[in-house]
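A.B. asks: Before anything else, here's the structure in question.
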Amino acid sequence: MKRRWGLGILIFSMLLCVMILPVRADAADPTVTYISAVYTGEAIEIGGAIPRDKISVTASFSDNTTAEVTDFAMSTERVLTDGMNKVMIIYRGKVTEVYVLGKKPSSLYAVYNGEMLSVGNKVGAASLTVNLYYTDGSMEEIYDYRIVNPVITSSNSQKVQITYNNLQTEVYVYTQPAKTVSMLTAVYEGEGAPQGYAIPEKNLYVTALYTDGTSERIYNYRLIPPVVQELGENKMMVSFGGKTAEFTVKGVELTAESIEAVYRGGSVEVGDYVAAEDVTVTATFSDGTKSVVKDFEFSSDRIMMTGENTIIIHYGGQSTTINVNGIARSGASYSNAASFVVKNTKDSAKVQVALPKRVDKDAIVGKSLKPDRVESLLNRVEAEVLEYMAFDILLADETQDDIFPLTMRIELPSNYKVKESDKEKGIGTYLYYTPNRKTVLARVNLEPGADGVIDVALFRAGTYILVKEKEIVVDDAPDPDDDYL
């Protein structure tokens, strides 16, 4: 009976082992077999950023599944040419392509919607419609054009030239000889005019009554004073044709009612900053006007992670956001670096701190310390100190501590360079950090400097000490029994 029970237990144990065998090794994560991509955005002006959110990338895997992926790379992130731009999409070693239509301004077209103008008057912006056409056939109305010859100088008709960047067009305006003004009137039809600014032309109706009984809206008036000077009621005057007219306008504080922002830059490395010149911010003001503004601010313009980073922009009490793609750092670049020489009584070393592109080289300051300022602290080094050189890394602006982390490179003096024969003796050159020169001392680099250079991460300002040291070898402890007779 006992043998039967033993056989049953053995069979049960074998079945249990089979049940808990580990999964086969070939059930590892599936590999990418190929990728496909589709661009669903519109044509982009040359130099403009290609929006990543308009590129849908699908990866197919070896287990016959598919998934949409977002952490892909692009061969270019800007439109480079007019017409079709081929953009290579790369994901886990697989490549596909999409085509993005590039466009550029090709022509201007303007229409004059106003009435006949007298010599001495001028073409007002309210009477013009100017459209910008692109090479892809699209069009948009523009307002920041320039009228070359707005003042009417000839009767019958006048050709008026309009320019925008390197494009130009022209309109013909019917004109008539100058007339004698018998009276001038002025009425401001806006709710208020912003203090410190000229009155918006579209809201100020200046009318000349002529001696022949006709009338005409005047745009070529002289405004006195030229801007709204006070909050509240302002008495102002216009003059034209030897006549004047007074009117009252309420001066109001110009406020931004909303803002919108467009990012035209490419991907930014983690730790680097979004360039303000790659962001266009347009504000809509309380008087109904729109204007591109430059003095906006970022909540934080530093890229903190790979993938999509949301950047908040503020102006005039309003805020909006842009999305910027962050990519992994490709290694420190010393093309924009704070550079200085540190020294002790007999040696010197060149130090460079790599900085983001937008940060001025003077943002980081390096100063050599007198050796005795850290002499007592070196007692904490668990080695024999052969040589040392101390220096401070300081911020020119102490509030700019969000600039860290950075990368620092030290070109070692000849006395601090470690040969293979030195390493065999336990000799190495290391960098130490202390925030207070008193109680804390931490080694920054775990390995001795190679090729006469030490590259380290710089996490904060403070005191750094370059130390050439020799490992202390402790003899084997004596046998305790030797102490007894």
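A.B. asks: Would you check which residues across the range 82-121 are open to solvent by 40 Å² or more (accessible area, probe 1.4 Å) and in contact with a Lys or Arg (Cβ under 9 Å, 6 or more places away or on another chain) and list them?
C.D. replies: Matches in the range 82-121: 82, 97, 99, 115, 119.
A.B. asks: Does residue 417 meet the test of being of a type outside the set (S, T, N, Q) and at pLDDT 85 or above?
C.D. replies: Spelling it out, residue 417 is indeed of a type outside the set (S, T, N, Q) and at pLDDT 85 or above.
A.B. asks: Report yes if some residue within the range 257-266 is of a type outside the set (Asp, Glu), open to solvent by less than 30 Å² (accessible area, probe 1.4 Å) and under 28 Å from residue 195 (Cα atoms); otherwise report no.
C.D. replies: Looking through the range 257-266, at least one residue is of a type outside the set (Asp, Glu), open to solvent by less than 30 Å² (accessible area, probe 1.4 Å) and under 28 Å from residue 195 (Cα atoms).
A.B. asks: Also: Quickly run through the range 130-142 and pick out the residues that are open to solvent by less than 40 Å² (accessible area, probe 1.4 Å) and farther than 17 Å from residue 166 by Cα.
C.D. replies: Once the filter is applied, which keeps residues that are open to solvent by less than 40 Å² (accessible area, probe 1.4 Å) and farther than 17 Å from residue 166 by Cα, the range 130-142 yields only 138.
A.B. asks: Here is a follow-up. List the pairs whose first member sits in the range 259-276 and is at positive phi and in a loop (DSSP other than H, G, I, E, B), whose second member is surrounded by fewer than 16 Cβ atoms within 10 Å (Cβ to Cβ) and charged (D, E, K, R), and whose Cβ atoms are under 8 Å apart, counting only residues at least 6 apart or on separate chains?
C.D. replies: Filtered contacts from the range 259-276: 271/329.
A.B. asks: How many residues are aliphatic (A, V, I, L, M) and within 18 Å of residue 146 (Cβ to Cβ) if we restrict to the range 108-122?
C.D. replies: 3
A.B. asks: Take the residues of the range 396-426 that are loosely packed, with under 10 Cβ neighbours inside 10 Å and hydroxyl-bearing (Ser, Thr, Tyr): which is farthest from residue 303 (Cα to Cα)?
C.D. replies: Only one residue fits best here, namely 421.
A.B. asks: Something else about it: Determine which single condition residue 253 fails, assuming it passes every other condition in (1) surrounded by fewer than 18 Cβ atoms within 10 Å (Cβ to Cβ); (2) farther than 20 Å from residue 52 by Cβ; (3) touching a residue at least 60 places away in the same chain (Cβ under 8 Å).
C.D. replies: Unmet for residue 253, out of (1) surrounded by fewer than 18 Cβ atoms within 10 Å (Cβ to Cβ); (2) farther than 20 Å from residue 52 by Cβ; (3) touching a residue at least 60 places away in the same chain (Cβ under 8 Å): (3).
A.B. asks: Just to check your reading of the model, which residue among 252, 227, 238, 274 is over 26 Å from residue 115 (Cα atoms) and at pLDDT 90 or above?
C.D. replies: Sole residue among the options that is over 26 Å from residue 115 (Cα atoms) and at pLDDT 90 or above: 227.
A.B. asks: Tell me which residues, restricted to the range 259-271, are modelled with pLDDT of 85 or more and over 10 Å from the mean Cα position of the chain (by Cα).
C.D. replies: Within the range 259-271, 259, 260, 261, 262 qualify.
A.B. asks: I've got another one for you. Are there strands (runs of 3 or more DSSP E) fully within the range 146-244 with at least 3 residues that are open to solvent by 70 Å² or more (accessible area, probe 1.4 Å) and in contact with a strand residue (DSSP E or B) (Cβ under 7 Å, 6 or more places away or on another chain)? List them.
C.D. replies: Where strands (runs of 3 or more DSSP E) fall fully within the range 146-244 and carry at least 3 residues being open to solvent by 70 Å² or more (accessible area, probe 1.4 Å) and in contact with a strand residue (DSSP E or B) (Cβ under 7 Å, 6 or more places away or on another chain), they are 167-176.
A.B. asks: Can you name the condition, by its number, that residue 376 falls short on among (1) free of Cβ contacts under 8 Å to residues at least 24 places away in the same chain; (2) hydroxyl-bearing (Ser, Thr, Tyr); (3) touching a strand residue (DSSP E or B) at 6+ places or on another chain (Cβ under 9 Å)?
C.D. replies: (3)
The values are calculated or read from the model by the stated rules, or taken from the named source; none is laboratory data. Treat the numbers as computed from the prediction; the structure is a model and nothing was measured. Neighbour counts are summed over all protein chains in view; Cβ atoms, including those assigned to glycine, are modelled from backbone coordinates with ideal geometry. Each accessible area value is taken on the protein alone, full model and side chains, heavy atoms only, with ligands, DNA and RNA left out. Shrake-Rupley method; radii C 1.70, N 1.55, O 1.52, S 1.80 Å.
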